[in-house]
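Right, one structure below, let's go through it.
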Amino acid sequence: MDGRKAGAEIVAVHVPGPGYSAGLVRGDVVLHFGRTRIDSAADLARAVDEAKPGRETKMTLRHESGDYQQLAVVPGIVT
């Protein structure tokens, strides 16, 4: 969502896939990844890159409805 509001909008979720299994939905906006505030797509990419694979972290989202949700996610390695 660079430039409009804080956060990074989810534009696609692979079904089936880890994001789908964690509860991500297209249109959600990621506001925090672990302890990192997400203000842009670049912030989210950097936070995920720095996360330890296999270690659970919390992700805070804002849904299109305006509701907030916190999910537990486990970053992995894509091969």
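Between (i) 7.0; (ii) 5.0; (iii) 7.4, which matches mean projected area of the Cα convex hull in nm² calculated for the structure shown? Given (i) 7.0; (ii) 5.0; (iii) 7.4, the calculated one carries the label (ii). Hand me the GluC sites (Glu not before Pro) from the chain located in a DSSP loop with no more than 15 other Cβ atoms within 10 Å, in residue order please. Qualifying residues, ordered by number: Glu56, Glu64. Loop-located chymotrypsin sites (Phe, Trp or Tyr not before Pro) across segment 1-69 with a Cβ neighbour count of 13 or fewer within 10 Å are lacking, with loop assigned by DSSP.
The mean sequence distance of close C-alpha pairs (under 8 Å, at least 6 residues apart), as a share of the length of the chain, puts its relative contact order at 28 percent. Computed on protein heavy atoms with a 1.4 Å probe, the accessible areas place Asp43, Asp67, Asp49 in the order Asp49, Asp67, Asp43, largest first. Solvent exposure of the chain amounts to 70 Å² per residue of accessible area, where only protein heavy atoms count and the probe is 1.4 Å.
What a 1.4 Å probe finds exposed on the chain is 51% carbon and sulfur by accessible area, rounded to a whole percent.
Summary: within the chain, the longest segment free of trypsin sites (Lys or Arg not before Pro) located in DSSP loops with at most 16 other C-beta atoms within 10 Å is 56-79.
The values are calculated or read from the model by the stated rules, or taken from the named source; none is laboratory data. What you see is a predicted model, and the numbers here were worked out from it, not measured in a lab. Don't worry about glycine lacking a Cβ; one is built from the backbone with ideal geometry, like all the others, and counts go over all protein chains shown. Note: areas computed on protein heavy atoms with side chains; ligands, DNA, RNA excluded. Shrake-Rupley method; radii C 1.70, N 1.55, O 1.52, S 1.80 Å.
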